[in-house]
Amino acid sequence: MKFPHFHFQKKRFQGENFQKKKFDLPDFIIRKSRAIEKVFIVMVLISAVMAPFVEVNYDLTEYLPDSVESRQGLNIMEDTFGYPGTARVMIKDVTLYEAKAYKDRLEKVDGVDRILWLDTGTNVFSGEGFIDYTSIDQYYKDDCAVMDVIFEEGDTSKKTSAAIDDMKEITGEKGCYVGMAVQDKSVAKNVRSEMQMILVIGVFMIFLVLCLTTNSWVEPFLYLTVMGVAVVINKGTNLFLGEISFLTNSVSAVLQLAVSMDYSIFLIHAFTRYKKAGMGQTEALRAAIDEALNSIFASSLTTIVGFIVLVFMRFSIGYDMGIVLAKGIVCSLLTVVLFMPAMIIRLAGWMERTAHRPFLPEFDRLSRGIYRVRYLVLAIVAVLALPAYTAQGMNSYMYGNDAVGAGEGTEVYADEQEIDRIFGRSNMMMALVPSGDNVREREFSQELSDLPYTKTVMSLSQTLPEGVPESFLPESVTGLLHDESGWSRILIYVRSKGESEAAFRYADEISAIMKEYYPGESYLVGATPSTQDIKATITEDYSRVNTLSLIGVFVVVMFSFKSILIPLIAMIPIEVAIFINMAVPYIAGETMIFMGYIIVSSIQLGATVDYAILTTNNYIACRKTMEKEAAAVETLKRSIPSILTSGSILTIVGYILYHISSIAAIGDMGHLIGRGAILSMLLVCTFMPALLVLGDRVLMNNEVEMIRQYLKRRRERRREKLRQVIGAAAASGREEKDNEK
């Protein structure tokens with residue numbers, strides 16, 4: 001890809017004359033290498049200090065646009081009642097009296113606001129003969145008591161996290177804990193420990209790949225040092241965003257490392273090549289910087305476009321991830337262009353002394369074999385493309401906070417299974433309705449209680465005996481359900497998961513009933529309504545993001561090559577790879593996380609389209625001196641090592657995320673990234689030779705120039721025809737005048 005060389009003009013005053021002098025960027029980088037090195041060291045130290053202060057958000061509902069109803073309801077609830085964290089605790093092997101004692105102790109824990117249990121309506125000290133156990137089996141059953149906990153602060157608050165620790169210390173092995181507060185605490189803990197492990201293993205595996213694909217034992221250390229600097233700077237500068245999502249925080253470092261490793265490889269390969277050609281160290285480095293700038297900028301621009309389109313999602317986690325990932329590529333770009341030359345100058349001697357023979361083969365036989373079966377591959381891809389496109393649109397998805405919960409093998413998952421086994425599922429929704437009409441509120445609450453899937457409904461009108469003033473009840477009850485600003489909150493517990501078709505149906509029915517009683521301003525909030533709005537918002541986002549990423553990459557490649565055909569040739573294999581990648585879960589009967597689906601589609605396009613661009617560039621270069629067959633074979637020989645290096649790093653990073661992370665959303669994203677990188681490598685190396693040979697005539701003649709010449713010839717023909725018509729008309733006029741005479 002041809003980008004303009006970076007030579008800038010400036011005027012220098014000498015006496016009374018101005019002289020123009022070229023600003024040579026490579027020369028400036030080399031001359032100022034020590035100063036640049038110091039600047040980057042300072043930036044790394046500052047970023048390392050800033051990084052721990054970046055806030056991480058685990059609640060997906062925070063990214064809903066303010067225009068959706070559940071977000072509006074949440075805003076009102078936060079302003080009036082607050083939005084406290086919630087949890088559900090089951091205490092095993094206890095009598096009613098013991099359960100009551102545990103409840104009283106748990107309620108005194110700092111950070112716990114109140115605990116809802118059967119003792120609000122049942123006297124547990126009245127004796128077993130006076131208690132109808134069938135009427136309290138939603139709270140006490142099989143010697144187990146289940147309670148709903150409401151905290152003073154939000155789910156992700158440090159005070160809430162400390163309260164959960166204190167509660168677990170009280171209940172010991174008897175306690176099982178679930179709920180958003182518990183899930184967020186577990187996710188945060190697992191993310192911190194697992195991401196450290198993922199980063200360590202990822203760096204080690206990338207180091208092994210680089211040892212196999214480089215020609216010096218020092219080069220892998222150089223690559224990882226430079227990329228490490230870029231990663232730290234990117235993480236530190238996230239502080240200016242204020243807060244980032246846990247998904248972004250989890251995958252940005254390893255993705256930045258995997259995707260932008262190519263840039264340093266471009267520079268080192270160019271430097272090594274010029275050194276072998278007989279240049280001195282400084283001259284070789286200057287020439288390498290000048291050459292690599294074009295490749296690095298072109299490669300990074302397609303990746304940045306693939307990431308930056310995520311900011312156009314209405315579900316603003318895309319903005320969060322798009323900015324961080326695109327910023328990471330910019331950090332890598334600047335680090336390679338400015339900081340890496342200083343490191344090369346320092347380590348050039350060591351690189352020469354630790355040089356070793358190449359471990360990768362020439363790939364000659366493989367390249368010839370691929371070329372021979374090119375039309376077979378073309379036929380196979382043509383057969384698979386349409387079914388894959390259809391299948392990837394038929395996947396089953398998860399959308400909400402349940403999609404990011406801890407997976408199998410975690411304590412939260414085991415506790416949830418245990419509680420559900422004894423008491424069944426419990427999903428809390430909250431209706432926010434205008435206060436002041438206790439009769440209407442009581443009728444509404446009663447109708448909700450009569451629904452077959454409702455476990456319990458708690459409202460102030462139900463709790464307050466008829467004719468008794470509100471001041472009769474303790475503030476702990478009234479403050480939970482009623483606010484002086486004119487809103488009532490009704491707690492509704494239904495027998496369902498937070499995200500399922502049944503839960504969506506129940507939420508729709510409850511919302512319809514609510515609108516019958518309160519047709520004006522009323523809101524249903526909770527995990528299920530929020531997930532419904534997430535689903536509606538992010539589904540709309542997909543077509544927008546997918547279209548923008550395709551257009552963006554197409555335009556970048558089109559202007560780089562000044563061709564319309566080359567972007568098509570480059571993008572077709574990657575798009576087919578995306579279709580096949582996303583069709584696999586449907587074939588396997590797996591449920592995907594839609595957020596990962598939309599994000600990985602953009603990542604796969606932006607990160608792996610470089611393989612196709614590199615192959616096209618190599619073919620055009622080879623074709624200038626070779627026939628089609630020889631050029632295609634030589635193209636593969638040149639391209640496969642680079643594609644294998646970059647693609648294997650991305651694959652390894654993806655599968656490390658998949659196998660180590662217990663967080664479903666992170667694991668699924670890793671699986672899609674790893675499998676997508678493999679498919680992109682495979683299709684670029686096997687499918688593109690057929691496309692390049694088929695489009696050879698246009699590629700070598702540049703269709704833009706062909707169109708321009710065609711239009712020029714057409715204009716000339718029209719002018720000639722017009723001249724003939726004018727000439728004939730003039731001759732006819734002269735003939736008429738002669739006749740008149």
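The values are calculated or read from the model by the stated rules, or taken from the named source; none is laboratory data. Worth saying up front: this structure is predicted, and the values here are computed from it rather than measured. Cβ atoms come from the backbone with ideal geometry, glycine included; neighbour counts cover every protein chain shown. All accessible areas refer to the heavy atoms of the entire protein, side chains included, with ligands and DNA or RNA removed. Shrake-Rupley method; radii C 1.70, N 1.55, O 1.52, S 1.80 Å.
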Completion exercise
Within segment 496-522, the residues that are open to solvent by 20 Å² or more (accessible area, probe 1.4 Å) and in contact with a strand residue (DSSP E or B) (Cβ under 6 Å, 6 or more places away or on another chain) are Tyr506, Ser511
Problem - Selected residue (criterion: farthest from Met343 (Cα to Cα)) from residues of segment 263-299 that are open to solvent by less than 20 Å² (accessible area, probe 1.4 Å) and of a type in the set (Phe, Trp, Tyr) - result: Tyr263
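This table checks each residue for (1) in a strand (DSSP E or B); (2) modelled with pLDDT of 75 or more; (3) among the acidic types (Asp, Glu).
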residue: Gly467; (1), (2), (3): no, no, no
residue: Arg489; (1), (2), (3): yes, yes, no
residue: Ser496; (1), (2), (3): no, yes, no
residue: Gly520; (1), (2), (3): no, yes, no
residue: Val525; (1), (2), (3): yes, yes, no
residue: Thr531; (1), (2), (3): no, yes, no
residue: Thr537; (1), (2), (3): no, yes, no
Practice task
Could you please let me know if Thr302 is surrounded by 22 or more Cβ atoms within 10 Å (Cβ to Cβ), over 15 Å from the mean Cα position of the chain (by Cα) and over 25 Å from Ile345 (Cα atoms)?
Solution key: yes
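Out of all the residues in segment 676-696, is one or more within 18 Å of the chain's Cα centre (by Cα) and in a helix (DSSP H, G or I)? Break it down into steps so the answer makes sense when it comes.
We begin by selecting, within segment 676-696, every residue within 18 Å of the chain's Cα centre (by Cα); these are 676-677.
Now restrict to residues that are in a helix (DSSP H, G or I): 676-677.
Looking for residues that are within 18 Å of the chain's Cα centre (by Cα) and in a helix (DSSP H, G or I), one finds at least one in segment 676-696, hence yes.
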Problem - Of all residues in segment 469-485 being more than 40 Å from the chain's Cα centre (by Cα) and either among the aliphatic types (A, V, I, L, M) or closer than 16 Å to Met430 by Cα (or both), the one that is modelled with the lowest pLDDT - result: Leu473
Problem - Answer residue from segment 187-212, given it is among the β-branched types (Val, Ile, Thr) and open to solvent by 50 Å² or more (accessible area, probe 1.4 Å) and is farthest from His659 (Cα to Cα) among those - result: Val203
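Does Tyr619 satisfy the condition of being among the aromatic types (Phe, Trp, Tyr) and at pLDDT 85 or above?
On the way: among the aromatic types (Phe, Trp, Tyr): yes; at pLDDT 85 or above: yes.
It is true that Tyr619 is among the aromatic types (Phe, Trp, Tyr) and at pLDDT 85 or above.
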Practice task
Please work out which residue is farthest from the chain's Cα centre (by Cα), limiting yourself to segment 168-181 and to residues that are crowded, with 23+ Cβ neighbours inside 10 Å and at pLDDT 90 or above.
Solution key: Cys176
Handout entry: Search result, residues across segment 581-613 that are touching a residue at least 40 places away in the same chain (Cβ under 8 Å), open to solvent by 40 Å² or more (accessible area, probe 1.4 Å) and among the aliphatic types (A, V, I, L, M)
Key = Val584, Ile587
Problem - Residue among Ser396, Ser367 that alone is in contact (Cβ under 8 Å) with a residue 24 or more places away in the chain, more than 30 Å from Asp137 (Cβ to Cβ) and surrounded by fewer than 19 Cβ atoms within 10 Å (Cβ to Cβ) - result: Ser396
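Quickly run through segment 553-580 and pick out the residues that are among the small types (Gly, Ala, Ser) and open to solvent by 30 Å² or more (accessible area, probe 1.4 Å).
Result: no residue meets the conditions.
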Handout entry: Count of segment 76-94 residues which are at pLDDT below 90, open to solvent by 60 Å² or more (accessible area, probe 1.4 Å) and either of a type in the set (A, V, I, L, M) or farther than 14 Å from Ile150 by Cβ (or both)
Key = 2
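Test of understanding: among Val336, Val309, Val324, which residue is in contact with a Leu (Cβ under 8 Å, 6 or more places away or on another chain), within 15 Å of Val545 (Cα to Cα) and of a type in the set (A, V, I, L, M)? Before you say what the answer is, go through the steps one by one.
Details: Val336 fails: within 15 Å of Val545 (Cα to Cα); Val324 fails: within 15 Å of Val545 (Cα to Cα).
One residue alone meets the criteria, Val309.
With the condition kept exactly as written, say whether any residue in segment 637-646 is touching a residue at least 60 places away in the same chain (Cβ under 8 Å) and over 27 Å from Ser601 (Cα atoms). Please lay out each step first, then the result.
Residues of segment 637-646 touching a residue at least 60 places away in the same chain (Cβ under 8 Å): 637, 640-642, 644-646.
This time we only want the ones that are over 27 Å from Ser601 (Cα atoms), so: 637.
Checked segment 637-646: at least one residue is touching a residue at least 60 places away in the same chain (Cβ under 8 Å) and over 27 Å from Ser601 (Cα atoms).
In segment 95-108, which residues are of a type in the set (D, E, K, R), open to solvent by less than 50 Å² (accessible area, probe 1.4 Å) and closer than 26 Å to Asp483 by Cβ? Reasoning before the result, please.
Initially, segment 95-108 is screened for residues of a type in the set (D, E, K, R), giving 98, 100, 103-105, 107-108.
Applying the additional criterion that residues be open to solvent by less than 50 Å² (accessible area, probe 1.4 Å) yields 100, 103.
Once the filter is applied, which keeps residues that are of a type in the set (D, E, K, R), open to solvent by less than 50 Å² (accessible area, probe 1.4 Å) and closer than 26 Å to Asp483 by Cβ, segment 95-108 yields only Lys103.
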Practice task
Could you please tell me which pairs satisfy a Cβ distance under 7 Å, a separation of 6+ or placement on different chains, a first residue in segment 66-84 that is under 16 Å from Ile534 (Cα atoms), and a second residue that is polar (S, T, N, Q)?
Solution key: Asp66/Gln72; Val68/Thr537; Ser70/Ser530; Leu74/Thr61
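Residue-by-condition table, conditions (1) of a type in the set (A, V, I, L, M, F, W, C); (2) under 30 Å from Tyr83 (Cβ atoms); (3) without any contact (Cβ under 8 Å) to a residue 12 or more places away in the chain:
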| site | (1), (2), (3) |
| --- | --- |
| Asp166 | no, yes, no |
| Cys176 | yes, yes, no |
| Val182 | yes, yes, no |
| Gln196 | no, no, yes |
| Val203 | yes, no, no |
| Phe207 | yes, no, no |
| Leu210 | yes, no, no |
| Asn215 | no, no, no |
| Asn234 | no, no, no |
Handout entry: The lone exception for Asp262 - which of (1) modelled with pLDDT of 85 or more; (2) within 26 Å of Gly674 (Cα to Cα); (3) in contact with an Asp or Glu (Cβ under 8 Å, 6 or more places away or on another chain) it fails
Key = (1)
Problem - So Asp184, is it open to solvent by less than 20 Å² (accessible area, probe 1.4 Å), among the acidic types (Asp, Glu) and over 30 Å from Ser646 (Cβ atoms) - result: yes
Practice task
Please indicate, with yes or no, whether at least one residue in segment 370-386 is over 19 Å from Ile666 (Cβ atoms), at pLDDT below 90, under 34 Å from the mean Cα position of the chain (by Cα) and surrounded by fewer than 21 Cβ atoms within 10 Å (Cβ to Cβ).
Solution key: no
Practice task
Check segment 55-63 and report whether any residue there is more than 24 Å from Gly154 (Cβ to Cβ), open to solvent by 20 Å² or more (accessible area, probe 1.4 Å), in contact (Cβ under 8 Å) with a residue 60 or more places away in the chain and touching a helix residue (DSSP H, G or I) at 6+ places or on another chain (Cβ under 6 Å).
Solution key: no
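Return yes or no: is Asp165 crowded, with 20+ Cβ neighbours inside 10 Å and either under 30 Å from Val49 (Cα atoms) or touching a Lys or Arg at 6+ places or on another chain (Cβ under 6 Å) (or both)?
When the stated conditions are applied, Asp165 does not pass them.
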Problem - The one condition in (1) assigned to a helix (DSSP H, G or I); (2) open to solvent by 10 Å² or more (accessible area, probe 1.4 Å) that Thr625 fails to fulfil - result: (1)
Fill in the blank from the handout: Residue pairs within 9 Å by beta carbon, gap of at least six or interchain, first lying in segment 97-121 and at pLDDT 85 or above, second open to solvent by 10 Å² or more (accessible area, probe 1.4 Å) and basic (Lys, Arg), listed first then second, are Tyr102/Lys174; Glu107/Arg114; Asp110/Lys159; Gly111/Lys159; Ile115/Lys103
Fill in the blank from the handout: Ser250 vs (1) assigned to a helix (DSSP H, G or I); (2) modelled with pLDDT of 85 or more; (3) under 24 Å from Ala51 (Cα atoms); (4) open to solvent by less than 10 Å² (accessible area, probe 1.4 Å): all pass except (2)
Practice task
Check whether at least one residue in segment 713-733 is surrounded by 10 or more Cβ atoms within 10 Å (Cβ to Cβ), touching a Phe, Trp or Tyr at 6+ places or on another chain (Cβ under 7 Å) and either of a type outside the set (Lys, Arg) or at pLDDT below 80 (or both), and report yes or no.
Solution key: no
